[in-house]
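In what follows, a single structure is set out as structure tokens and then discussed.
The values are calculated or read from the model by the stated rules, or taken from the named source; none is laboratory data. What you are looking at is a predicted structure, and each value in this text was computed from that prediction instead of being measured. With ideal geometry, Cβ positions are generated from the backbone for all residues, glycine too; neighbour counts draw on all protein chains shown. To get the accessible areas, we keep the full protein, side chains included, count just its heavy atoms, and leave off ligands, DNA and RNA. Shrake-Rupley method; radii C 1.70, N 1.55, O 1.52, S 1.80 Å.
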Amino acid sequence: VVVMTNFSSANPGAKALAIADLFLEGKFPLPKPATNAGANGASISPKPDPSLQNAAFLRTLEGVYYSDELQTGYTLAVRGDKLVAAHPRHADFELVPYRVNELQSRTSFFSEVEVVRDNQSHVLGIRVSNGRVRNLWFKKQ
């Protein structure tokens, strides 16, 4: 799918994926949930923890997270009963809590997220991992 536009805010990648989803819906089986080791070495749960699927818990994770290494940040915000990550150059994506300090998304570049907390359980930041990157630090601002 090719999307051409003259608007920088159009997000052609997201539009291409939406069009592909329409044409390919039901043609391919959904991928199985990851069962490999997570960012902290623990096994990733095959299903999200339903007790964590509430706005009150997700609000504890809201904020802006900045990576000095990448010189970019992501804003995590609750929309309805979902935690959504936003970045100016990417389509918004959902982060699903599998355990208290483990999140996952369906994006390739932000697939596993470990929440790092202090002794009082305040969020200090997140470590993001995927196929190539391990424990990329994003400090909560």
Given charges at Cβ of Lys, Arg, Asp, Glu: the chain dipole, positive-most of VAL115, ALA16, GLN53: ALA16
The chain, accessible surface, carbon-and-sulfur percent (1.4 angstrom probe): 55 percent
Crossing angle, helix 12-24 versus the chain [Cα axis fit, 0-90 degrees, rounded to tens]: 70 degrees
Cα→Cβ-extended label distance, 7 Å offset, between ARG132 and ASN119, nm: 4.0 nm
Magnitude of the charge dipole, the chain, Cβ model with Lys/Arg +1 and Asp/Glu -1, debye to 20: 140 debye
For the range 102-109, 3J(HN,Hα) per residue [Karplus equation, 6.51 cos²θ - 1.76 cosθ + 1.60, θ = phi - 60°, Hz, x = Gly/Pro]: 10, 10, 9, 9, 8, 7, 6, 8
Longest site-free stretch - the chain; sites: GluC sites (Glu not before Pro), DSSP loop, at most 16 other Cβ within 10 Å: 70-141
Anchor LYS27: lysines whose Cα lies under 20 Å away (excluding residues fewer than 8 positions away in-chain): LYS15
Stokes-Einstein D in µm²/s, Kirkwood radius over Cα pairs - the chain at 10 °C with 1.306 mPa s viscosity: 97 µm²/s
Eligible aspartates and glutamates near LYS139 by straight Cα distance, threshold 13 Å, same-chain separation 8 or greater: GLU62, ASP68, GLU69, GLU114, ASP118
1.4 Å probe accessible area per residue over the chain, in Å²: 66 Å²
